[in-house]
Amino acid sequence: MEFSMFCSRISFLILIIVLSSPPKFNQSPMDFGPLNLLQATNTSSLDFGRIYFNSPSAVVRPKSPKEISLLLSSLSGSSFSKVTVAARGAGHSINGQAQALNGIVVEMDSLPSSIKIRKRVDGESSPSYVDVSGGTLWVDLLKETLKEGLAPRSWTDYLYLTIGGTLSNAGISGQTFKYGPQISNVLQLDVVTGRGDIVTCSPTISSELFYGVLGGLGQFGIITSARILLQEAPRKVKWVRAYYDDFDIFTKDQELLIGMGNMVDYLEGFIVLNKESLHGGSISFPFPANLASIPQFQSEPSKVYYCIEFAVYDQADKNTNLDQVVEEISSKMSFMPSLLYSVEVSYFDFLQRVRMEEISLRELGLWDVSHPWLNMFVPKSGIAQFRDLLLENISPSTFMGPILIYPISRDKWNLNMSAVLPESISGENIIYIVGILRSANPTSCSQECLQGYLRQNLNITNIATDPKGGIGAKQYLSHHRKEEQWREHFGGKWQQFLGRKKAFDPLNILAPGQGIFKRRYSMNPTTTTTTTLTLSSSQ
């Protein structure tokens, strides 16, 4: 048996060396020991952005973290391999971040889904939490935790994303101002490093890996499991929208609301550019049928408006009078007269609001299109200037898609994590999230049109992140192709990021689609044999 397993490892390494040419698999899938290396598929070179289409040489669908470990250990131990590895979750990246040109894509949804809930017992000091596999979708986690009357505290707007995928970035939404991003609500991780080591890490155990992986863009390891903090789930939600025609009043009210965290549970906002964006979200949020005919919108149809969206949760242990709380909150706000609307929905339906939009767009054939999105973190001091920059670079009358803009609090982020925020200016705690979520309908936007959108994004990014420009922004879900650009992006965190890379993925095998590091090679001719022997005896 040991000899057979040893031969399997040798066969696997031979395949890896062949891959370093690298040809594409055009024959049937091949089995090498416990690992199946499959032909590249259309999905393995596809993501939500539909801008980059980098085909791997092979796809791995692991059945356990040990199989991922075997793959990475073999690659890390080979003196000749040029192969890189990208973990792919739900494929919701925009710029090919989860692709591996001529490398190997690890499809994380093949890992057995495991959701184990640990509910706090009365009198205990430890909180409720859930251990969940990295390839599980957040929506599936929500469904299971709700059965126990529990739910994670922090979300993304769209729930059909994997646990490992969002934790590798940050995971932000309207709860971020109150509870921090998703990466601030993790107690423990199981990670397979670029060396192939399987490590359980936390703030007190292998903490450098723990903090590095959270927001680490997949550079240090592949998250196979996460322990996530839970709280009592709300029963229902009062969901409110209010409209503004003045940007300064709009942002002032948003900042007022994030200071009311004892009452407000969720806060986002968006720019209303045109009639289409005025009706944005009307599927999940049932507006009055005559919203577009309101005099304020009719009198100046080309004017840019703004909308604050907030929510109040009905917690089972508080017996909250939602209408009374909303009335108290809204009495302190300065929205346009009579332009405040509310709806009461279940907690699950509230968190599923984008899914309803997705279904509608799919029916219209407008979901599987190119998405030249741009996401930014903008300091409070630069948000008005950024708004001006944005409106100078887009055409409000033809823009398709929402533009989100809402504040979060810097002090809800652990700055030892890899995620990057703008530099603090004079102790400023408020940062704005801006999501320019444009869609490029292929029936009206050619390839040249799409490239024009990407040039607009690049121009906005260059100006907003220029240290001399006064805005001081940082890109979220960043897309750069040169190491010097990444060095500037990470700023004071670069040396820490570089040190963690050398410690956990020294050959730069992982996440090549991010474009941060070039693949390196081991020059020790004995490394291959030694690693193979170690693997065969330890399995």
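Can you tell which of Gly269, Gly216 is closer than 23 Å to Val343 by Cα, small (Gly, Ala, Ser) and buried (at least 23 other Cβ atoms within 10 Å of the Cβ)? Exactly one residue qualifies, and that residue is Gly269. Looking at segment 395-411 only, could you name the residues that are modelled with pLDDT of 95 or more and crowded, with 19+ Cβ neighbours inside 10 Å? Those that are modelled with pLDDT of 95 or more and crowded, with 19+ Cβ neighbours inside 10 Å: Ile403, Leu404, Ile405, Tyr406, Pro407, Ile408. The set of residues from segment 349-372 being at pLDDT 95 or above, more than 12 Å from Ser284 (Cβ to Cβ) and not in a loop (DSSP other than H, G, I, E, B) comprises just one member, Ser370.
In segment 470-482, of all residues being without any contact (Cβ under 8 Å) to a residue 40 or more places away in the chain and surrounded by fewer than 17 Cβ atoms within 10 Å (Cβ to Cβ), the one that is nearest to Gln97 (Cα to Cα) corresponds to Arg481.
Summed over segment 107-128, residues that are in contact with a Leu (Cβ under 7 Å, 6 or more places away or on another chain) and either under 24 Å from Ser93 (Cα atoms) or polar (S, T, N, Q) (or both) total 1. Taken together, the residues in segment 344-373 that are farther than 22 Å from Val240 by Cβ, crowded, with 16+ Cβ neighbours inside 10 Å and aromatic (Phe, Trp, Tyr) amount to 1. Looking across Gln451, Gln485, one residue alone is of a type outside the set (Phe, Trp, Tyr) and surrounded by fewer than 15 Cβ atoms within 10 Å (Cβ to Cβ). It is Gln451. In segment 473-487, which residues are out of contact with any Leu (no Cβ under 8 Å at 6 or more places or on another chain) and modelled with pLDDT of 95 or more? Within segment 473-487, Ala473, Tyr476, Leu477, Trp486, Arg487 meet the criteria.
If the condition is being closer than 18 Å to Phe517 by Cβ and assigned to a strand (DSSP E or B), then segment 56-95 contributes Val85, Ala86, Ala87. Looking across segment 373-427, the residues that are part of a helix (DSSP H, G or I), out of contact with any helix residue (DSSP H, G or I) (no Cβ under 9 Å at 6 or more places or on another chain) and within 28 Å of Gly218 (Cβ to Cβ) come down to Arg410, Asp411. Residues in segment 205-245 that are in contact with a helix residue (DSSP H, G or I) (Cβ under 9 Å, 6 or more places away or on another chain) and either without any contact (Cβ under 8 Å) to a residue 24 or more places away in the chain or among the small types (Gly, Ala, Ser) (or both): Gly212, Gly215, Gly216, Gly218, Gly221, Ser225, Ala226, Ala233, Ala242. Across segment 219-258, the qualifying residues are those that are out of contact with any Gly (no Cβ under 6 Å at 6 or more places or on another chain) and among the aromatic types (Phe, Trp, Tyr), and the one among them that is surrounded by the fewest Cβ atoms within 10 Å (Cβ to Cβ) is Phe247. Answer with yes or no whether Ile258 is more than 19 Å from Lys412 (Cβ to Cβ) and assigned by TED's automatic domain parsing to the domain that holds Ile329. For Ile258, the condition - more than 19 Å from Lys412 (Cβ to Cβ) and assigned by TED's automatic domain parsing to the domain that holds Ile329 - is not met. Might you check whether a residue that is over 21 Å from Ile117 (Cα atoms), in contact (Cβ under 8 Å) with a residue 40 or more places away in the chain and over 12 Å from the mean Cα position of the chain (by Cα) occurs anywhere in segment 180-188? Yes; the residues of segment 180-188 include at least one that is over 21 Å from Ile117 (Cα atoms), in contact (Cβ under 8 Å) with a residue 40 or more places away in the chain and over 12 Å from the mean Cα position of the chain (by Cα).
Which residues, taken from segment 91-129, are aliphatic (A, V, I, L, M) and either farther than 30 Å from Glu148 by Cβ or surrounded by 20 or more Cβ atoms within 10 Å (Cβ to Cβ) (or both)? It would help to see each step written out before you state the result.
So in segment 91-129, the residues aliphatic (A, V, I, L, M) come out as 94, 98, 100-101, 104-106, 108, 111, 115, 117, 121.
Ile94, Ala98, Ala100, Leu101, Ile104, Val105, Val106, Met108, Leu111 - these are the residues of segment 91-129 that are aliphatic (A, V, I, L, M) and either farther than 30 Å from Glu148 by Cβ or surrounded by 20 or more Cβ atoms within 10 Å (Cβ to Cβ) (or both).
The values are calculated or read from the model by the stated rules, or taken from the named source; none is laboratory data. No experiment lies behind these values; they were computed from the predicted model shown. Ideal geometry is used to build each Cβ from the backbone, glycine not excepted, and the neighbour counts take in all protein chains shown.
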